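Asks: This is the structure, below, for whatever I ask next.
The values are calculated or read from the model by the stated rules, or taken from the named source; none is laboratory data. Everything quoted here is computed from the prediction, not taken from an experiment. Neighbour counts are summed over all protein chains in view; Cβ atoms, including those assigned to glycine, are modelled from backbone coordinates with ideal geometry.
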Number of protein chains: 2
Amino acid sequence: MVSKQQKQVVLKDYVRGYPKESDFELRSSDTICVLSNGSRAVLLKNLCLACDPYMRHRMSDQVSHPGTIIKSYSPGSVLVGYGVCKVIQSTHPGFQEGDFVWGLTGWEEYTVIPNPERLNKISHTGVPLSYYTGILGSYQIKATTLLHGQLYDKLEYRYDFDQGMARVRTGGIAAYVGFYNLCSPKAGETVYVSSACGGVGQLVGQFAKMMGCYVVGSASTEEKVNLSKTKFGFDDAFNYKEHDLAAALKRYFPGGIDIYFDNVGGKMLDEVIMHMKPHGRIAACGMISQYNLEEPEGIHNMFNVVVKSLEIKGFVETDFKHIYPEYLEFAIRHLQEGKLVYVEDIAEGLENASSALIGVFHGRNVGKKVVRVASG
Amino acid sequence: MVSKQQKQVVLKDYVRGYPKESDFELRSSDTICVLSNGSRAVLLKNLCLACDPYMRHRMSDQVSHPGTIIKSYSPGSVLVGYGVCKVIQSTHPGFQEGDFVWGLTGWEEYTVIPNPERLNKISHTGVPLSYYTGILGSYQIKATTLLHGQLYDKLEYRYDFDQGMARVRTGGIAAYVGFYNLCSPKAGETVYVSSACGGVGQLVGQFAKMMGCYVVGSASTEEKVNLSKTKFGFDDAFNYKEHDLAAALKRYFPGGIDIYFDNVGGKMLDEVIMHMKPHGRIAACGMISQYNLEEPEGIHNMFNVVVKSLEIKGFVETDFKHIYPEYLEFAIRHLQEGKLVYVEDIAEGLENASSALIGVFHGRNVGKKVVRVASG
């Protein structure tokens, strides 16, 4: 195979505000797929692609958005994100034709990875492969170098700290360490989860119930509210678009909140701070409400952090990478025993990829949004 | 002694914005000072009174300021705050005439404390007694009941959590546990302290140097900037009113900040978050920039908490009360050996008490502001 005609999803230009269909192009392209001997590369067939909220940051122009911390995509280039792939050709001794892997790949049918050391081989195949874009995935510290010349290879801090760390929430491990390690939950504590049906939130809700906590979630539709209660076992849930947030939080947490797992940020976080109990803990996992705004909303209730001895903690899964094998075993066992459920919302084909990704920012997904590019 | 003519500082009405002289009244009053047998009370002669920023919260009307968490003073009543006092009469077996104590007392010459169990007896007198309003003080969980009918006896949370906890920063123990216990400093780390000459900030700077950190402070006048460097040993300091904050932080911390000890909040906190290193820690000790505002400023850069794995922690000294005896020994020994210095800014007499307190909110104090009511 020297070259191959294939479909690719391209970001046409930097995005302002909410991403829209016209920001993306589905193009056909001849991709050169030559794996010369000694190249230690792999050619991947992409099977599933994750629609992750953090990708919004990569669509912004860093010059006009100096607060943007994650390296931007290059306009005119193929999107890059987490995916599950099949190795269809390999010149790397660590990979064989037929291996299934997950890691950063292109939003296209086939991708050449020049140095696949950082791809993760999938050994457990008793669960859907797509789960490795979410519940069973983690994330990589460094990506696989010059994939489309725009790799997510380091955070570009305002002063160029060369930390080489990328922080995305693509894995169930984020739910696991964010809840257990950062929030130190105890049985009987009260837990609030925003984006209760998202790829992370649905797991936090289930972990909280396993822990013996009282857990309430919020979501943007009645369908998701019902799913939270019936499928994920939240004690209760509400549609934050239909209720006054302060009144709802007061109703569901008359004694206050011990733990808030924040996937939303902004006004939601600001209000929740008012409802935290003394010594409450907030895991700052994501802030999807802020990603499409030109100016982030302000958090005005920070004095509560002082007077109520609150903790607000960000985290990066690599600090807990020693936990990943334990987590993987835990998650697969619980999935297979039916004690943990995981809901994905699958869009079929690269033709529907951009609208799937756009939909995430409008809360249209019910569960983790995944694009199925090919079936295997 | 049945009654005594004395001077008292009274809050005339709830304060809006910055407190001003007309909000207070110095009145003469006949105070009944009868300690009947069996009353287990003490009559105190007040020696020194602390001018603490938290007192501003108590001057606000909670009804019109629902975000106000600390119980308000009653208009028309004598101010209450931390002080150092001499017992001049006692019907309580635990207290003798001539004992020196510190704790909550009235802004007046003499105060009757009906249940003095929560007063703290001063045993080390080799340091100025006034130090027990600051560097050697801690704070009390519950106050001494109905002192002027307005005791600081519990936090009134928005939903009336009955936690019985009051959180004020009146002691050096706040600097000690806030720095050592919350921020887990390591030698060589970079530390930024706002209000570098305040009662807490000056100590954090010295603790940071003892730890082998690089520490820079900010203050509102050149006099305080110089004092920070020459007296407290900060590696550097700057006048935040004279410099662009972002540029100054970039200049003093080209590699970023590991630890921020926040006494200021608001825009300062918002900017500092941008300069934190990954895994940076912020001790949320106080937010004096916000106390006189009708609406608190918003913190817009919270997404940095997510992507840089920051921790923002409030704290309450009572969680560390087991450390207080150790701290007291440490502080007194270091003071006596000249390894720790402490600067107070003393106003003489109740006549000058309200202007001393007002001045704190304009940064007029150089060091911990204390009112000396009597000399002993």
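Asks: Looking at this structure, is A:Lys267 within 30 Å of B:Phe315 (Cβ to Cβ), modelled with pLDDT of 95 or more and surrounded by fewer than 18 Cβ atoms within 10 Å (Cβ to Cβ)?
Replies: Against the criterion (within 30 Å of B:Phe315 (Cβ to Cβ), modelled with pLDDT of 95 or more and surrounded by fewer than 18 Cβ atoms within 10 Å (Cβ to Cβ)), A:Lys267 qualifies.
Asks: Next up: Return the residues of the stretch A:201-240 that are in contact with a strand residue (DSSP E or B) (Cβ under 9 Å, 6 or more places away or on another chain) and charged (D, E, K, R); say none if nothing qualifies.
Replies: Hits for the stretch A:201-240 are A:Lys209, A:Glu222, A:Lys224, A:Lys229, A:Asp235, A:Asp236.
Asks: Go through the stretch A:243-258 and give me each residue that's in contact with a strand residue (DSSP E or B) (Cβ under 6 Å, 6 or more places away or on another chain) and at the interface with chain B (Cβ under 10 Å from one of its Cβ atoms).
Replies: Passing the criteria: A:Phe253, A:Gly256.
Asks: Hey, any hits in the stretch A:57-71 for a residue that's farther than 20 Å from B:Phe303 by Cβ and not basic (Lys, Arg)?
Replies: no
Asks: Then there is this: Can you pull out the residues in the stretch B:329-360 that are hydroxyl-bearing (Ser, Thr, Tyr) and over 17 Å from B:Gly171 (Cβ atoms)?
Replies: Listed by number, the residues that qualify are B:Ser354, B:Ser355.
Asks: Suppose the filter is out of contact with any Cys (no Cβ under 8 Å at 6 or more places or on another chain) and not in a helix (DSSP H, G or I); does B:Val216 pass it?
Replies: Spelling it out, B:Val216 is indeed out of contact with any Cys (no Cβ under 8 Å at 6 or more places or on another chain) and not in a helix (DSSP H, G or I).
Asks: Would you check if A:Phe238 is part of a loop (DSSP other than H, G, I, E, B) and away from chain B (no Cβ under 11 Å)?
Replies: No, not satisfied.
Asks: In a loop (DSSP other than H, G, I, E, B) and touching a Lys or Arg at 6+ places or on another chain (Cβ under 7 Å) - does that describe any residue in the stretch B:357-366? So that I can check it myself, show each step before the final result.
Replies: Residues of the stretch B:357-366 that are in a loop (DSSP other than H, G, I, E, B), as a first pass: B:361-366.
After this cut, where a residue has to be touching a Lys or Arg at 6+ places or on another chain (Cβ under 7 Å) as well, the list is B:361, B:366.
Scanning the stretch B:357-366 turns up at least one residue that is in a loop (DSSP other than H, G, I, E, B) and touching a Lys or Arg at 6+ places or on another chain (Cβ under 7 Å).
Asks: Looking at the structure I just gave you, is B:Ser195 of a type in the set (S, T, N, Q), out of contact with any His (no Cβ under 8 Å at 6 or more places or on another chain), assigned to a loop (DSSP other than H, G, I, E, B) and crowded, with 23+ Cβ neighbours inside 10 Å?
Replies: yes
Asks: Sort out which residues of the stretch B:334-356 are of a type in the set (A, V, I, L, M, F, W, C), surrounded by fewer than 17 Cβ atoms within 10 Å (Cβ to Cβ) and assigned to a loop (DSSP other than H, G, I, E, B), and write them in order of number.
Replies: Residue satisfying the conditions is B:Val341 alone.
Asks: Going through the stretch A:1-40 one residue at a time, which ones are of a type in the set (Gly, Ala, Ser) and assigned to a loop (DSSP other than H, G, I, E, B)? Please lay out each step first, then the result.
Replies: Residues of the stretch A:1-40 that are of a type in the set (Gly, Ala, Ser), as a first pass: A:3, A:17, A:22, A:28-29, A:36, A:38-39.
The answer is A:Gly17, A:Ser36, A:Gly38, A:Ser39.
Asks: Another question, then. Going by the structure shown, is A:Tyr14 assigned by TED's automatic domain parsing to the domain that holds A:Lys368, at negative phi, buried (at least 21 other Cβ atoms within 10 Å of the Cβ) and of a type outside the set (A, V, I, L, M, F, W, C)?
Replies: In short, no.
Asks: Moving on. Restricting attention to the stretch B:248-258, report how many residues are buried (at least 23 other Cβ atoms within 10 Å of the Cβ) and part of a helix (DSSP H, G or I).
Replies: Selection size over the stretch B:248-258: 1.
Asks: When B:Tyr54 is evaluated against the numbered criteria (1) modelled with pLDDT of 90 or more; (2) hydroxyl-bearing (Ser, Thr, Tyr); (3) within 17 Å of the chain's Cα centre (by Cα), which criterion, by number, is the only one it fails?
Replies: Against the list (1) modelled with pLDDT of 90 or more; (2) hydroxyl-bearing (Ser, Thr, Tyr); (3) within 17 Å of the chain's Cα centre (by Cα), B:Tyr54 comes up short only on (1).
Asks: Kindly indicate which of A:Ile113, A:Ile135 is within 24 Å of A:Gln8 (Cβ to Cβ) and crowded, with 24+ Cβ neighbours inside 10 Å.
Replies: Sole residue among the options that is within 24 Å of A:Gln8 (Cβ to Cβ) and crowded, with 24+ Cβ neighbours inside 10 Å: A:Ile113.
Asks: Select from the stretch B:288-325 the residues that are charged (D, E, K, R) and surrounded by fewer than 21 Cβ atoms within 10 Å (Cβ to Cβ) and write down the one among them that is farthest from the other protein chains (Cβ to nearest Cβ).
Replies: Among those that are charged (D, E, K, R) and surrounded by fewer than 21 Cβ atoms within 10 Å (Cβ to Cβ), it is B:Lys321.
Asks: A follow-up question, please. Tell me, which residue of the stretch A:259-278 that is within 8 Å of chain B (Cβ to nearest Cβ) and either β-branched (Val, Ile, Thr) or assigned to a strand (DSSP E or B) (or both) is farthest from A:Met211 (Cα to Cα)?
Replies: Of everything passing the filter in the stretch A:259-278, A:Pro278 is farthest from A:Met211 (Cα to Cα).
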